[in-house]
Amino acid sequence: MQDQIPIVPIILALFAIVAVILFVAMLAFIVFLMSRAAKRRRYDTVRGREMEAAARQIGFVFTPQADLGSLPFFADFELFEGEKLKFENLMTGSSRGHQVAIFDLVYRNIGNVGAGTTTSRQTMAVLVSDDLLLPVFYLRPEGTFEKVLNTLSRVDINFPERPRFSSQFLLYGDDEPAIRKLFKPSILDHFEQNPQLCVAGSGKCLYFYTSRTLASPAQVGQYLAFVEQLDDAFRQ
């Protein structure tokens, strides 16, 4: 009788090999996620040098990293995307006699309670002008999350005569009559042509950004120009 092949030990050995491979793969994936998270939290020095050069081009003072207290007027700004943490690549200066700040805002993403946190960044521009007296308002593209929010709380201010604008944006604030008066036809036209923008106003402050987006250093001048255009539009 020929010797039988030991099937059971072979199967057990194969299971052991597969288990080891899966364990190594899982461990590698965990290390990858941890390194990626750590990288997100670290300051990008390469981008910092490029943003510093961009700040020099527009004549602004550059600060690589700063705490939120560096811009006192920013304390009342409610970030839709999450929890504000700090500023990176902060540029401060004046434009046409108005105080302007352009920066990368570091924030903790919303919706991560109990499931870990993710750090993100987006570039913002803020103009402070004594010529402005804005009601508190927030304007942002109306995506799926915004539609759900409006379904739950009915916060969206719509303009029946401007269905395109109303379908593109979520606009909300406490003083609806003042906001409707502010958003005259020329303002509505402006935003219909730029449906990706997020804009907020409060008193003398005007905030501008594209949600969850870092501007390239080459776009810093565009951010400055656009916030100036918004200032002109809201003062007309």
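Lys and Arg at +1, Asp and Glu at -1: add these up for the other residues within a Cβ distance under 12 Å of PHE74 and post the number.
Counting the neighbours of PHE74, the net charge comes to -1.
Whole-Hz Karplus ³J(HN,Hα) for region 77-83, in order, using 6.51 cos²θ - 1.76 cosθ + 1.60 and θ = phi - 60°, x for Gly and Pro?
6, 9, 7, 5, 6, x, 9
Quick check: from the Cα gyration tensor, does region 45-235 come out rounded (a/c under 1.5), prolate or oblate?
On the way: a/c = 1.86, a/b = 1.27, b/c = 1.46.
The shape class here is oblate.
Take peptides 168-180, 62-74, 199-211 and line them up by average Cβ neighbours within 10 Å, highest first, as a rough protection proxy.
199-211, 168-180, 62-74
Once you charge only the Cβ atoms, +1 for Lys and Arg and -1 for Asp and Glu, what is the size of the charge dipole of region 45-235 about its Cα centre, to the nearest 20 debye?
The calculation lands at about 280 debye.
Please list 3J(HN,Hα) in residue order for region 213-224, calculated via the Karplus relation 6.51 cos²θ - 1.76 cosθ + 1.60 where θ = phi - 60°; whole Hz, with x for glycine and proline.
Karplus values, whole Hz, x for Gly and Pro: 10, 8, 6, 6, x, 5, 8, 4, x, 5, 4, 5.
How far is it, in nm, from the label point at THR45 to the one at ASN158 when both lie 7 Å from their Cα along the line to the Cβ?
A separation of 5.3 nm, rounded to one decimal place.
Report the rotationally averaged projected area of region 167-221 based on its alpha-carbon convex hull, in square nanometres.
Here the figure is 5.0 nm², rounded to one decimal.
All of the numbers you see were taken from the coordinates with simple rules; none came from a lab. In this text the structure is predicted, and so the values were computed from the model without any measurement. Cβ atoms come from the backbone with ideal geometry, glycine included; neighbour counts cover every protein chain shown.
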